Every structure is written in structure tokens, then in C-alpha cells.
Amino acid sequence: MNKYYVIIVGAGPAGLLAAGRAAELGAKVLILEKMRTEGRKLLITGKGRCNITNNAAIGEFITHVFPDGKFLRNAFSQFFSKDIIDLLEKYGLEVTLERGGRYFPASNKSLDVLQALLKWVNELGVEIQTGQRVEKLLVEDGAIKGVRANGKLFLAEKVILATGGKSYPATGSTGDGYELARQIGHKIEKPIPALVPLETKGSIAQKLQGLNLKNVKTVVWVNGKKAGEAFGEMIFTHFGLSGPIILTLSRIVVRALQNEDKVEITVDLKPALDEQKLDKRLQRDLNEYGKKQLVNIFRNWLPASMIPVFIDELGLDGEKECHQISGKERKQIRNYMKNMRFEISHNRSFKEAIITAGGVITNEIRPKTMESKIVSGLYFAGEMIDLDAETGGYNLQIAYSTGWLAGNSSVGSLQSQ
């Protein structure tokens, strides 16, 4: 008989942390993973480098989590960034701290993070069966009894769902866990792509394809009202906008697009200068280089690939000498530098989304244990919970912390026996 104390569905970071912690406490643990190998999605995080976590303090950390970071306060207080770093270092991983408080493996290889976690769970005797798709949760009298996978029954006192979201479906994140939870009565906040690139109307972004801007400010406007802003780095692509600050703002954009609202993003290319200071600088340069052509002076103001687009969009004569530029033309230049506007037509799909927003609603999960309020003995961990965060290592830490807490809580009753 396939009988275990804890069965974990999913061998990603949340599932591995849950399994390792439960095994540390003496439980007989089984992980069922539908893919042929473990941690497929972990391998592609951070563009294959794996941004392990972030060194922000708990209070700040939860401000980067949506829709309710406070739900995680207890999980973070029990297992946080220092704990995952200590665990990985214990199993041979060297880590480095980079700008923005982001931790990466010194090798820049996400595979090394996965191998450290697998070494840990294997040493603890966790059984992992791959190629096992869980089709149903077995529930009797409001309590979990096990799962059915590939037509076979696996019995357990506790089950932890850590199946991931719907982003990067090729890695196995296809939303299976949502359906399993829904079948037993849990409400699911509609999953949408998060940390996802955006498509724009018109051809300006395409003309600037490949241009990477640093230290710019972007603002999201929904039906003409300011809905969010971010400062940092962005990139133009063949379809529109991407890069860290665009991904951060995409959560607002995707929800608004679903409501069929008009969504625009403005880019402030000179956020360090207000309108007045920028105008003075433009005026000074135009006077100083009066005999030069406008196209040449633009090199002092903008990246080279932006200049022809700027001149074309504003209908300026690039060959005009600087001293001939009128006050009206200078104002046009200044306004476009401070408010380069893009209308958003679509977001990219789950295939390009780093994570999923939405999932099992948190008011049906006990924050101190990660246990279901609907079925006793059932726990949730990781991305399938309705929690998502900005880029910077925050999302993986949610997986580790909720996974560890679920594993810890599931075996608490075994410890007291």
C-alpha cells in the first residue's frame, strides 16, 4: 500500500522546502511531480541565474507582495532569507549579494540551487516520484486522506499542494492545483499573468527595439488617472515594453486591460530634472551650440537610437541650426522627454509571465500553518496561493517560507504523539 504521513504535490522550491522540513521532523514523505524532472521552473528563474532571495527586512519585504503581504508575516518570521541562505550554504552553494539586496549563486547557475535542495531532501530520505500527475484529492468527512495520481491511490495523513501557478506552462505550471483546490470547495481568484511584458499600439517601441533605458520613471494611467509608478530600468522590444519597472507595473495593467479600461504608460526620460530645470538646460545647450544642427545637439540629451524617432515624432527639422529652434519647439522637446506616451494594447501570455497573480484566496488558508480552512490536513504552499510580488527574489522567498511552514505545520501533530 502506498501509505505516507505527508504527500507533497509538486517538486518546485515550495514543494522541496515542505518535504525537507517534514522529513527533518521525522515524517515519511513522498513528493509527486508530474514532470520527468524536479524544479523545472526554478532552473529558468533569473534568466537561468536564480535570484534566490532578497535581504530586505520583513517589514519592507511584505510591502513588495500583493494583494496582502501581511498574510506572510508569520511564515516569514519562522523561515526567512537568512534561513534559506544558511540551508543552501550548508549543502555547498556559495552565494553573492548584488545591488537591490538580491542574492544569487556565485556560479550564476540556477542548477546549483536546485542540486543543493535535492541533496538536502535526498539526505533526509524523502521519496520523489516523477511523471505522476495528481488527478484528485481524496477527502472523507472534511479531512484529507490522500491523492489519486495516474489512476493509483496514495494515502496520507497530510497533503501539501505546491503545484505552482500558470506561468511558463512548459515547465509544468499549468494551473492543475487550482482545479484540485476548486474541486474540494476552495475559491480561486482568477489567475492572470504577472511580471509580464506589455504590447503597445503604434510603431515607436518597435523602432526602439533593443534599447535599454536606466534611471527612468514610468507611470501607469488607467482611464486618464494615475494608477502606479516605478523608477529604474526598462527595455523596448519588437512588441512593446519590458524590463524590471515594466514587469513591476504589469500587475496593475493586466487587471485594467481585463476590465477593458484604457491603459497608457508614460516614460520620463529625465526624472532628476523638473520641467523648469530641464527647460533651462535645453535653452542653455541650444544657445551654446547655436551653429550646430539640432540632430547633433540631441546626442547630449538622448541615446543615439532614440534621436531619429524623437525628431520624427515631433515633426522637427533635424538639420535646423540650434539658434533657430523656437520656444514652441523647445517646449515640444521638453514635454516629450518628460512624457513619452504609449498606449497598451495587450499583455503577453502566461508563456512569458514570470509568475502568476491570483490563485487560492488567502482568507481560506490559516496564515499560522498554511492549512486549509475547508479540509483539515490539507496545506498550500508557493505560487498557487493568491500572493505575488515584484522582481528581486521576493517570489521565491514566498515559496520557501510557505513551503517550510506547511511542512513544519503538517508534522506538528506527529511530534506531539
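Scanning the stretch 193-211 for residues that are in a strand (DSSP E or B) and under 20 Å from the mean Cα position of the chain (by Cα), which turns out surrounded by the fewest Cβ atoms within 10 Å (Cβ to Cβ)? If you could, list the steps in order and put the result at the bottom.
Filtering the stretch 193-211 down to residues in a strand (DSSP E or B) leaves 193-194, 198-200.
Retained after the next criterion (residues that are under 20 Å from the mean Cα position of the chain (by Cα)): 193-194, 198-199.
Numbers: 193: 24, 194: 27, 198: 26, 199: 17.
Restricting to residues being in a strand (DSSP E or B) and under 20 Å from the mean Cα position of the chain (by Cα), the top hit is 199.
Candidates in the stretch 285-317 are the residues that are under 27 Å from residue 218 (Cβ atoms) and more than 37 Å from the chain's Cα centre (by Cα); of these, the one that is surrounded by the fewest Cβ atoms within 10 Å (Cβ to Cβ) is 315.
Exactly one residue among 324, 332 is of a type in the set (S, T, N, Q) and exposed (fewer than 15 other Cβ atoms within 10 Å of the Cβ), and that residue is 324. Would you call residue 202 closer than 15 Å to residue 352 by Cα and either in contact with a strand residue (DSSP E or B) (Cβ under 9 Å, 6 or more places away or on another chain) or not assigned by TED's automatic domain parsing to the domain that holds residue 394 (or both)? No, not satisfied.
Among the numbered conditions (1) touching a Ser or Thr at 6+ places or on another chain (Cβ under 7 Å); (2) assigned to a loop (DSSP other than H, G, I, E, B); (3) surrounded by 17 or more Cβ atoms within 10 Å (Cβ to Cβ), the only one that residue 39 does not meet is (1).
Considering only residues in the stretch 133-176 that are of a type in the set (Asp, Glu) and buried (at least 17 other Cβ atoms within 10 Å of the Cβ), the one that is nearest to residue 20 (Cα to Cα) turns out to be 157. Can you name the helices (runs of 4 or more DSSP H) wholly within the stretch 218-308 that have at least 1 residues being under 18 Å from residue 335 (Cα atoms) and assigned by TED's automatic domain parsing to the domain that holds residue 332? It comes to 275-288, 294-297. Selection of the stretch 176-187 for residues being under 13 Å from residue 384 (Cα atoms) and in contact (Cβ under 8 Å) with a residue 24 or more places away in the chain yields 176, 177, 178, 180, 181, 186, 187. The helices (runs of 4 or more DSSP H) found entirely in the stretch 48-156 that carry 2 or more residues being free of Cβ contacts under 8 Å to residues at least 12 places away in the same chain are 58-61, 81-90, 110-123.
Do we find a residue being in contact with a Gly (Cβ under 8 Å, 6 or more places away or on another chain) and not acidic (Asp, Glu) anywhere in the stretch 273-282? Don't jump to the end; show me each part of the working.
Applying the first criterion (in contact with a Gly (Cβ under 8 Å, 6 or more places away or on another chain)) to the stretch 273-282 yields none.
Checked against the condition, which is being in contact with a Gly (Cβ under 8 Å, 6 or more places away or on another chain) and not acidic (Asp, Glu), the stretch 273-282 yields no hits at all.
Among the residues of the stretch 367-390, is there at least one that is in contact with a Ser or Thr (Cβ under 9 Å, 6 or more places away or on another chain), surrounded by fewer than 17 Cβ atoms within 10 Å (Cβ to Cβ) and not hydrophobic (A, V, I, L, M, F, W, C)? Yes, because at least one residue in the stretch 367-390 is in contact with a Ser or Thr (Cβ under 9 Å, 6 or more places away or on another chain), surrounded by fewer than 17 Cβ atoms within 10 Å (Cβ to Cβ) and not hydrophobic (A, V, I, L, M, F, W, C).
Based on this model, can you work out whether residue 109 counts as surrounded by 15 or more Cβ atoms within 10 Å (Cβ to Cβ) and under 20 Å from residue 33 (Cα atoms)?
In short, no.
The values are calculated or read from the model by the stated rules, or taken from the named source; none is laboratory data. These numbers come from a predicted model, not from an experiment. Positions of Cβ are backbone-derived with ideal geometry, glycine not excepted, and every protein chain shown enters the neighbour counts.
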